[in-house]
Amino acid sequence: MKRTLFLFLFFIAGVTIFYFINTSVKEKPLPIINPIDVNEEMVDPELLRIGNGHTIGNFAFKDQNNKTITQDEVKGKVFVAEYFFTTCGTICPKMNQQMQRVQTAFKGNGNVKILSFTVNAKVDTVEQMKRYADEHQADGNQWHFLTGKQEDLYALARKSFFVLKPSEAENQGDVGSDFIHTNNFVLVDKKMRIRGYYDGTSSKEVDRLIRHVDLLLNE
């Protein structure tokens with residue numbers, strides 16, 4: 001009887017200790033990602049050897065409400081960025097279903113922004129982006145669908161976010177709409193530094209992204 005009682009108490013104590021250890025473990029600080037840390041195919045050749053100090057560069061594009069959005073819109077805030085195009089029928093619908101979850105998680109939080117850049121500016125006009133944004137219930141104050149000069153969009157992708165691989169057409173000097181964009185969401189902190197990449201088609205990865213946004217808000 002005493003042995004049974006001892007084993008029972010030992011088991012209870014073990015469970016209690018495990019619980020407190022488990023709940024007290026905090027997620028590690030997120031890494032600060034630089035050009036040297038990512039796939040070199042995605043990086044402008046001039047930046048390949050940079051190992052520290054990288055931040056998102058300046059930009060100016062029109063959103064779905066024909067408002068000019070610049071880097072000032074997101075400075076001092078946490079934001080999530082993606083590259084997509086409205087007529088994409090493969091990964092983009094999945095990505096933007098998941099991005100809707102990000103918007104819902106931080107609805108009304110002025111310190112969290114979402115930037116969705118097109119890779120096909122010839123088709124994705126302000127009017128087209130407005131239709132697409134409305135289809136995804138985008139809050140125009142938080143989720144901006146951005147279009148502008150195609151070469152500027154591509155340059156930002158390869159010099160700042162590292163999410164665009166050049167196609168054969170681009171290598172031949174024809175800057176077209178057939179760039180290969182990744183399915184990555186890019187998490188950027190208040191200091192404009194990249195802190196993580198997440199598969200935008202995966203609900204588990206987006207769950208992790210949402211947790212990490214919270215981490216950066218509290219940094």
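The values are calculated or read from the model by the stated rules, or taken from the named source; none is laboratory data. No experiment lies behind these values; they were computed from the predicted model shown. Methodologically, a virtual Cβ is constructed for each residue, glycine included, from the backbone with ideal geometry; neighbour enumeration extends over all protein chains shown.
Worth a mention:
- Filtered residue count, the range 205-219, keeping only those that are more than 13 Å from the chain's Cα centre (by Cα) and under 21 Å from H181 (Cβ atoms): 0
- Residues that are exposed (fewer than 14 other Cβ atoms within 10 Å of the Cβ) and either part of a loop (DSSP other than H, G, I, E, B) or at positive phi (or both) within the range 26-43 comprise K26, E27, K28, P29, P31, N39, listed in sequence order.
- In the range 71-97, of all residues being in a loop (DSSP other than H, G, I, E, B) and not charged (D, E, K, R), the one that is nearest to the chain's Cα centre (by Cα) corresponds to V74.
- Residue match in the range 122-140 (condition: modelled with pLDDT of 95 or more, part of a strand (DSSP E or B), hydroxyl-bearing (S, T, Y) and touching a strand residue (DSSP E or B) at 6+ places or on another chain (Cβ under 9 Å)): no
- Taking the criterion of being small (G, A, S), at negative phi and modelled with pLDDT under 95, the residues of the range 168-201 that qualify are A169, G176, S177.
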